[in-house]
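**Student:** Just passing along the structure, written as structure tokens.
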Amino acid sequence: MNTLGNRSHCLLQSLEALDQWLAKIRTAPTVAICSKTDSRDTAPLVGVSLAVAPGDACYIPLGQQPSQTGERPLKIPMAEALERLRDSVLENRSVLKVGHNIKFDMHVFHKAGFHALGRPIVVAPIDDTMVLSYVLECSCPSHSLEELAKKHLGVMLPSHKAICGSGKRQIPFNRVPLDKACAYAAEEAALAHSLHLLFRKRLLTEDMVKVHETMERPLVPILGEMERAGILVDAKALQRLSVDFSLRMESLETDIYRLAGQRFNVSSPRQLGKILFEHLSLPGKKKVTKKNSMYVTDATVLDILAAQGHPLPALVRNWRQLAKLRNTYIEAILVRRNRQTGRVHTSFMQTATATGRLSSIDPNLQNIPVRTAEGRRIRHAFIAPPGHVLLSADYSQIELRLLAHVADVRALKEAFSHQADVHTFTASMIFDIPVKDVHPLLRHQAKTINFGIIYGISPFGLATQLRLSQEKAKTFIKAYFERYPEIHSYMERIKKQARQQGFVTTLLGRKCLAFGLNDRNAHSRGVAERAAMNAPIQGGAADIIKHAMVRLPGALAAASLKARMLLQVHDELVFEVPVAEVGPTVTLIRSVMEGAVPLSVPLVVDIGTGCSWATLH
């Protein structure tokens with residue numbers, strides 16, 4: 001295993017040295033770049049590393065401070081260095097910039113250019129080795145540079161903690177000794193260059209060029225623009241909501257202590273388990289691990305106990321819901337809100353799921369519950385600025401439509417083509433009654449089955465959701481497959497493909513790796529089969545909305561419309577639109593999204609506008 005000590009890279013400490021190095025780039029069509037800051041956030045720029053070949057890299061210390069007596073003072077002024085880098089590399093469209101998580105570097109240069117040069121630096125064209133790794137192996141547990149260098153290149157790159165320390169001894173990167181900073185930062189760029197060469201070859205041999213070039217690569221700068229735009233938040237409304245939730249939690253605690261006959265830490269699963277199953281003698285079971293054993297008190301257990309008529313579990317469940325909303329969403333949003341702009345800038349994770357879906361962190365805006373009144377109250381705090389409205393464009397039943405297309409389900413395709421209510425239609429099919437006789441309960445049951453089938457729901461799972469016997473659930477599933485035999489054939493075909501190839505493929509060519517399909521344990525094998533059956537559908541839906549996201553900014557600009565795409569939440573896109581442009585913007589967004597990918601059933605987009613996120617539908 002190679003280490004940093006085996007290669008030496010250039011430390012540039014003058015404009016003359018920088019100019020000499022930049023001359024190399026004029027003959028190198030690809031340059032790997034890496035920006036260094038004092039934190040994982042887009043803090044002020046400390047240095048830049050460049051690589052034109054795996055063994056030819058340099059480090060430019062721009063904000064590095066002498067860490068010890070005798071170190072040579074730095075002579076490269078930030079503005080002059082950035083101006084040279086901008087013209088020769090960063091904004092030079094004849095040079096491909098390669099980075100690992102390059103969206104982060106793009107944010108750093110955007111901010112540094114604004115402060116040092118009076119205008120942001122826009123890095124283009126780009127490629128990202130983290131995204132390349134994800135396209136090739138989306139189920140890989142980690143796409144970090146350290147893991148990929150070790151796995152593919154046999155190089156052991158020290159962690160950031162090893163370079164900067166941890167805890168009380170941690171130092172900012174600008175205080176790392178120059179020789180150590182150079183070795184680490186330049187090697188990051190060199191490794192990105194090596195990985196890029198390797199992954200680019202694999203794109204061709206593994207037939208993944210289309211997925212990368214039409215979806216994932218062009219999506220990187222678009223996500224960056226969405227993150228920089230952020231979304232306006234009413235901080236006072238969130239603060240009032242936080243106080244309200246806190247008071248309601250205190251009231252619930254009072255009732256919980258009264259029913260328990262004593263005070264305890266409601267947030268502690270161990271203490272709650274003892275109260276429920278020892279003190280109150282409710283039926284329960286323990287989860288045994290190597291270190292200890294404790295009672296299971298998850299949401300499923302509390303729901304079952306509450307359904308049996310026990311009041312304390314129901315109160316604890318309600319308390320947990322409020323606590324999660326307050327701590328995970330309200331407080332996190334308030335902490336991350338930019339006080340100058342009043343906006344929240346989430347980070348979209350492009351390489352975090354096994355099916356191609358995007359996720360959101362710092363704060364997570366994708367998982368705010370919308371089916372509860374409390375969750376919708378949080379969405380009320382996301383607002384449009386004066387003169388604008390928020391616009392939501394949401395694909396209607398996209399996974400069911402995609403299933404009808406890929407499985408060639410004749411009955412479902414006819415229902416969608418005639419704009420029928422597909423859940424009412426399904427209820428009519430499986431319960432063998434006329435459409436006009438389908439009452440709300442039967443439609444709800446059919447809806448649960450429709451969406452459950454996509455996720456490979458088991459009779460036990462369906463019985464739990466609908467509160468039926470497993471025998472009744474089995475009857476419903478059997479009737480479903482009898483009415484839609486193409487779905488059953490499709491699922492059997494997908495399981496066979498997954499076993500033979502080790503992966504399944506979405507409509508647009510994304511490969512989702514499949515594991516555990518030959519596991520001896522029936523439960524584990526069933527979980528793996530359900531994941532394999534769902535991946536092409538969930539992944540296919542993710543691909544479709546990514547195609548739309550890639551096309552929308554250009555289409556809006558070509559139409560001279562000022563709408564900005566702010567958020568992506570699974571099948572929904574949220575925009576900020578000038579009031580005067582709502583009509584043409586709605587028309588354009590619907591056209592682009594509904595025409596993103598041709599299917600044998602119509603793609604339908606529901607669009608709503610309003611002053612807050614909660615009022616859009």
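**Student:** Taking Met215 as the residue in question, decide whether it is touching a Lys or Arg at 6+ places or on another chain (Cβ under 7 Å), under 30 Å from Ala563 (Cα atoms) and of a type outside the set (Lys, Arg).
**Tutor:** Taking the combined requirement at face value, the residue satisfies it.
**Student:** For a quick check of your reading: which strands (runs of 3 or more DSSP E) sit entirely within the range 498-617 and have at least 2 residues that are in contact with a helix residue (DSSP H, G or I) (Cβ under 8 Å, 6 or more places away or on another chain) and at pLDDT 95 or above?
**Tutor:** Per the criteria, 564-569, 572-578, 605-610.
**Student:** Among Ala149, Ala112, Ala124, which is under 15 Å from Asp38 (Cα atoms) and aliphatic (A, V, I, L, M)?
**Tutor:** Ala112
**Student:** From the list Met130, Met106, pick out the single residue that is in contact with a His (Cβ under 9 Å, 6 or more places away or on another chain) and either surrounded by fewer than 18 Cβ atoms within 10 Å (Cβ to Cβ) or not charged (D, E, K, R) (or both).
**Tutor:** Exactly one of Met130, Met106 is in contact with a His (Cβ under 9 Å, 6 or more places away or on another chain) and either surrounded by fewer than 18 Cβ atoms within 10 Å (Cβ to Cβ) or not charged (D, E, K, R) (or both), namely Met130.
**Student:** On to the next question. From the residues in the range 102-139 that are in contact (Cβ under 8 Å) with a residue 24 or more places away in the chain and assigned to a loop (DSSP other than H, G, I, E, B), which one is farthest from Leu195 (Cα to Cα)?
**Tutor:** So, considering only residues that are in contact (Cβ under 8 Å) with a residue 24 or more places away in the chain and assigned to a loop (DSSP other than H, G, I, E, B), the one farthest from Leu195 (Cα to Cα) is Ile121.
**Student:** Moving to a separate point now. Which pairs turn up if I take residues in the range 51-62 that are in the same structural domain as His100 (by TED's automatic domain parsing) and look for partners that are hydroxyl-bearing (Ser, Thr, Tyr) and in a strand (DSSP E or B) with beta carbon separation below 7 Å, at least 6 apart in sequence or on another chain?
**Tutor:** Correct list of pairs: Ala57/Ser49; Cys58/Ser49; Tyr59/Ser49.
**Student:** Moving on. Kindly provide the set of residues from the range 462-492 that are closer than 19 Å to Gln538 by Cα and surrounded by 14 or more Cβ atoms within 10 Å (Cβ to Cβ), ordered by number.
**Tutor:** Glu486, Ile487, His488, Ser489, Tyr490, Met491
**Student:** Now for a different question. Hey, does the range 355-372 have a residue that's assigned to a helix (DSSP H, G or I) and either outside the structural domain of Val582 (by TED's automatic domain parsing) or over 26 Å from Phe245 (Cβ atoms) (or both)?
**Tutor:** Checked the range 355-372: no residue is assigned to a helix (DSSP H, G or I) and either outside the structural domain of Val582 (by TED's automatic domain parsing) or over 26 Å from Phe245 (Cβ atoms) (or both).
**Student:** Moving on. Would the range 151-164 turn up any residue that is within 21 Å of the chain's Cα centre (by Cα), over 18 Å from Val48 (Cβ atoms), modelled with pLDDT of 95 or more and not in a loop (DSSP other than H, G, I, E, B)?
**Tutor:** No: the range 151-164 contains no residue that is within 21 Å of the chain's Cα centre (by Cα), over 18 Å from Val48 (Cβ atoms), modelled with pLDDT of 95 or more and not in a loop (DSSP other than H, G, I, E, B).
**Student:** Follow-up. For the range 298-315, what are the residues that are buried (at least 19 other Cβ atoms within 10 Å of the Cβ) and either under 30 Å from the mean Cα position of the chain (by Cα) or not hydrophobic (A, V, I, L, M, F, W, C) (or both)?
**Tutor:** Matches in the range 298-315: Val301, Leu302, Pro313.
**Student:** In this structure, does Arg357 turn out to be surrounded by fewer than 22 Cβ atoms within 10 Å (Cβ to Cβ) and under 21 Å from the mean Cα position of the chain (by Cα)?
**Tutor:** Answer is yes for this residue.
**Student:** Does Leu241 satisfy the criteria of being at pLDDT below 95, assigned by TED's automatic domain parsing to the domain that holds Ser293 and crowded, with 16+ Cβ neighbours inside 10 Å?
**Tutor:** no
**Student:** While we're here: Condition first: in a loop (DSSP other than H, G, I, E, B) and under 28 Å from Glu594 (Cα atoms). Can you find one or more residues in the range 473-486 that meet it?
**Tutor:** Yes, the conditions are met somewhere in the range 473-486.
**Student:** Can you tell me which residues in the range 434-452 are within 24 Å of Asn534 (Cα to Cα), more than 24 Å from the chain's Cα centre (by Cα) and of a type outside the set (Lys, Arg)?
**Tutor:** His444, Gln445, Ala446, Thr448, Ile449, Asn450
**Student:** Still on this model: Select from the range 140-150 the residues that are free of Cβ contacts under 8 Å to residues at least 24 places away in the same chain and in a helix (DSSP H, G or I) and write down the one among them that is surrounded by the most Cβ atoms within 10 Å (Cβ to Cβ).
**Tutor:** Checking each candidate, the answer is Glu146.
**Student:** Please state which of the following conditions Leu305 fails to meet, knowing it meets all the rest: (1) assigned to a helix (DSSP H, G or I); (2) modelled with pLDDT of 95 or more; (3) hydrophobic (A, V, I, L, M, F, W, C).
**Tutor:** Only one criterion in (1) assigned to a helix (DSSP H, G or I); (2) modelled with pLDDT of 95 or more; (3) hydrophobic (A, V, I, L, M, F, W, C) is unmet by Leu305, namely (2).
**Student:** Kindly indicate which of Leu272, Leu247, Leu223 is surrounded by fewer than 14 Cβ atoms within 10 Å (Cβ to Cβ), of a type in the set (A, V, I, L, M, F, W, C) and part of a helix (DSSP H, G or I).
**Tutor:** Selected residue: Leu247, the only one of Leu272, Leu247, Leu223 that is surrounded by fewer than 14 Cβ atoms within 10 Å (Cβ to Cβ), of a type in the set (A, V, I, L, M, F, W, C) and part of a helix (DSSP H, G or I).
**Student:** Please count how many residues of the range 383-393 are over 24 Å from Ala542 (Cα atoms) and either touching a residue at least 24 places away in the same chain (Cβ under 8 Å) or in the same structural domain as Cys512 (by TED's automatic domain parsing) (or both).
**Tutor:** Matching residues across the range 383-393 total 6.
**Student:** Checking the conditions here, which among Ala404, Ala415, Ala381 is over 22 Å from Val605 (Cβ atoms) and crowded, with 21+ Cβ neighbours inside 10 Å?
**Tutor:** From the options Ala404, Ala415, Ala381, the qualifying one is Ala381.
Let's see how each residue does on (1) at pLDDT 95 or above; (2) not basic (Lys, Arg):
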position	(1), (2)
Tyr329	no, yes
Arg343	yes, no
Gln350	yes, yes
Val370	no, yes
Arg376	no, no
Phe382	yes, yes
Gly387	yes, yes
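**Student:** I would also like to ask the following. I'm told Tyr134 meets every condition in (1) out of contact with any Lys or Arg (no Cβ under 6 Å at 6 or more places or on another chain); (2) among the aromatic types (Phe, Trp, Tyr); (3) over 24 Å from Ile222 (Cβ atoms) except one. Can you identify the failing condition by its number?
**Tutor:** Every listed condition holds for Tyr134 apart from (3).
The values are calculated or read from the model by the stated rules, or taken from the named source; none is laboratory data. What you see is a predicted model; the values in this text were computed from it and never measured. Note that we place each Cβ from the backbone using ideal geometry, even for glycine, and neighbour counts take in every protein chain shown.
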